[in-house]
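The values are calculated or read from the model by the stated rules, or taken from the named source; none is laboratory data. Computed from a predicted model, the values in this text were never measured in an experiment. No Cβ is skipped: glycine too gets one built from the backbone with ideal geometry, and neighbour counts run over all protein chains shown. Surface areas here come from the heavy atoms of the whole protein model, side chains and all, with no ligands, DNA or RNA. Shrake-Rupley method; radii C 1.70, N 1.55, O 1.52, S 1.80 Å.
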Amino acid sequence: MTKLDDDGRKSLTDAGWTLVDGRDAVTKTYEFKNFIEAFGFMTKAAIWAEKLNHHPEWFNVYKKVEVTLTTHDVDGLSELDAKLAEKMDALAK
């Protein structure tokens, strides 16, 4: 597995992900109607994370879910982050 190239990083930022200062990572906050929808999103995302064997750093309070993605094995962003970000964005719609 290798780090994402500049085009891969641009695809993430074009999709609304923000680069994290001081880390090779991206972050995004999802907001839902209520806690149940936020938790449902996390449950669905967890299933995909397990399938990909790639787990997010995330934090939930009420109807918001803050997600940070990075790949510890390459010490930065990888194709796994791009795949999980794409899946999470689709699940949040």
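So the values come out like this:
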item: Estimated distance in nm for a label pair at K3 and K64, the labels positioned 7 Å out from Cα along Cα-to-Cβ; result: 3.0 nm
item: Heavy-atom surface of the chain, accessible at 1.4 Å and reported per residue (Å²); result: 63 Å²
item: Cβ charges +1 (Lys, Arg) and -1 (Asp, Glu), total dipole of the chain, debye; result: 480 debye
item: Where labels lie 7 Å past Cα in the beta-carbon direction, separation of D73 and E50 in nm; result: 1.9 nm
item: Mean separation of Cα contacts under 8 Å, 6 or more apart, over the residue count of the chain: relative contact order %; result: 35 percent
item: The stretch 51-78 residues near the modelled T29 label - backbone nitrogen below 17 Å, point 7 Å along Cα→Cβ; result: 57-69
item: The stretch 1-57, accessible surface, carbon-and-sulfur percent (1.4 angstrom probe); result: 54 percent
item: Leading residue at positive end of dipole, the chain (Cβ point charges), from S11, Y62, L80; result: Y62
item: Calculated Rg/Rh (Cα atoms, Kirkwood Rh) (choose from (i) 0.95; (ii) 1.00; (iii) 1.10), label; result: (i)
